[in-house]
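S.K.: Please find one structure pasted underneath; my questions will follow.
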Amino acid sequence: MFYLILFIVISICLMTFIFLKKIFIKTSTPAIVMALGIIIRGVLSHMAGSHSFLVQLLSAVIIALWLTFSFSIILSFIYKRFIPLHIVDPLNRFGIGTWIAGTSICAILIFEQFSYWQWATWLLLYISIFLWPYYLWQASRSFYELRGSQKVNIHGILLLTTVSTQSLVLLLNEIYREIPSLFNWTLLIIGIVFYAVGTFLIIRHLFTAGWNMKEHWANTNCILHGALSINGFAGISSGAINGGSAVLWWIFVSIVFLFVEFLEICRLVQRLRYDGVKKGIWTYHVTQWSRLFTFGMFYTFTSLVKPQTNWLVNAKTAILTAGAPLIFALFIIELLLYSSFLLQILKQPQGQRL
């Protein structure tokens, strides 16, 4: 009952704030739910226990955030802002994938943490299933429109097609224990195909005239490894991959992780050198949550693999040992940035985007 009351109070307060300020969230804002959800489900649960007080408390808060963001999206319908805010820009359409992944992770948290809310699990499942084909249609339109573009800064947001698809695999296999393997493989392959298409466009864009690391490498490019991690997570959860095949996939993902994060460090150095601390790294942007999501997903995937050789066992132990404090440090930094951003929103007139 305590968690239900907490959920209701937070939801009412946040939705009232959204309504009075007429705030319409950015398309990718539910990435906050994605990131915090996987940290709770895959990192905190692994450390503190799957049904600890802290896990259930934070789960209720995350679900309240999901409801608040959904309310803002509905508000954009009412005020006829949905299409210009979320659909017109072909690159921005990919952000709808955060709605599906965020909904799926909330459904998983409800299913695991709150037995008396099970009806909500089914509701969120139907919402995810309803949104998914609509999203893939919009994403396919965007792929077609962006196929020859050299002016648009194409980045990792494209890979939310994979993340959203595999989040459905995770949710379905969490609720149903006997999903047909053909169905699981179909979704997994769809996700991999979208990953291949998105990665091709991202890599091709890196070689366009005028591209440079400092200005054009985006936060969302970390989804290059995050989408692979959720593929592995979904594969293990569905039973599609296990044992040696899961370890091989983990090794591949680890290599991509190291390469992408090396490029992230290179960009960080350039931004600090030319823009300073405040402009270079201490400025909030919604895409920063993608890093928390991808780190949390890599940690979760790593916790599930079962390597046999000593050096791989040691590598897994090192990742899990160092990964948790790193993820929580990044979370604190992001929370500070987001709090500063919210304070600015409070001072602004109506119609701001969150």
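S.K.: Using modelled backbone amide H atoms (1.01 Å from N, in-plane), which distant-in-sequence or interchain residues come within less than 5 Å of residue 29's amide H?
M.R.: Amide H to amide H, under 5 Å and 5 or more residues apart or across chains, residue 29 pairs with nothing.
S.K.: Another one. Whole-Hz Karplus ³J(HN,Hα) for the range 28-38, in order, using 6.51 cos²θ - 1.76 cosθ + 1.60 and θ = phi - 60°, x for Gly and Pro?
M.R.: With coefficients 6.51, -1.76 and 1.60, one gets 8, 4, x, 4, 4, 5, 4, 5, 5, x, 6 Hz.
S.K.: Can you give me the distance in nm between label points at residue 215 and residue 144, each placed 7 Å from the Cα along the Cα-to-Cβ direction?
M.R.: With each label point 7 Å from Cα toward Cβ, the separation is 3.2 nm.
S.K.: Using Cα pairs closer than 8 Å and at least 6 residues apart in sequence, work out the relative contact order for the chain, in percent.
M.R.: Relative contact order, the chain: 22 percent.
S.K.: Further, regarding this structure: In the range 173-254, which trypsin sites (Lys or Arg not before Pro) fall in coil by DSSP and have 11 or fewer other Cβ atoms within 10 Å?
M.R.: Sites meeting the loop and neighbour criteria: 177.
S.K.: Also: Amide H neighbours of residue 241 under 5 Å, counting only residues 5+ apart in sequence or on other chains, H built in-plane at 1.01 Å?
M.R.: 236
S.K.: Could you check the spin-label model distance between residue 9 and residue 129? Points 7 Å from the Cα along Cα→Cβ, value in nm.
M.R.: My value for the distance between the label points is 3.6 nm.
S.K.: Further question on the same structure: Mark the label point 7 Å from the Cα of residue 79 along Cα→Cβ and return the residues of the range 271-288 whose backbone N is within less than 14 Å of it.
M.R.: None, by backbone N distance to the label point.
S.K.: What Kirkwood Rh does the range 39-147 have if only Cα atoms enter the pairwise 1/r average? Answer in Å.
M.R.: 15.3 Å
S.K.: Please sort 95-106, 321-332, 235-246 by packing, taking for each peptide the average over its residues of neighbouring beta carbons within 10 angstrom, highest first.
M.R.: Descending mean neighbour count gives 95-106, 235-246, 321-332.
S.K.: So, in nm, how far is label residue 206 from label residue 344 when the simple model puts each one 7 Å beyond its Cα toward the Cβ?
M.R.: 3.0 nm
S.K.: Same structure again: Consider just the alpha-carbon atoms of the range 263-315 and return their Rg together with their Dmax, both in angstrom.
M.R.: 16.4, 46
S.K.: Checking the cross-link filter: which lysines have an alpha carbon closer than 20 Å to that of residue 21, excluding same-chain neighbours under 8 positions apart?
M.R.: The reachable lysines, counting only those whose Cα sits under 20 Å from residue 21, are 80, 347.
S.K.: Residue by residue through the range 71-83, which ³J(HN,Hα) values in whole Hz follow from phi under the Karplus form 6.51 cos²θ - 1.76 cosθ + 1.60 (θ = phi - 60°), with glycine and proline marked x?
M.R.: Result, rounded to whole Hz: 4, 5, 5, 4, 4, 5, 5, 4, 8, 6, 10, 4, 5.
Computed from the coordinates by the stated procedures, all read-outs in this text should not be read as laboratory data. Computed from a predicted structure; not experimentally measured. Note that we place each Cβ from the backbone using ideal geometry, even for glycine, and neighbour counts take in every protein chain shown.
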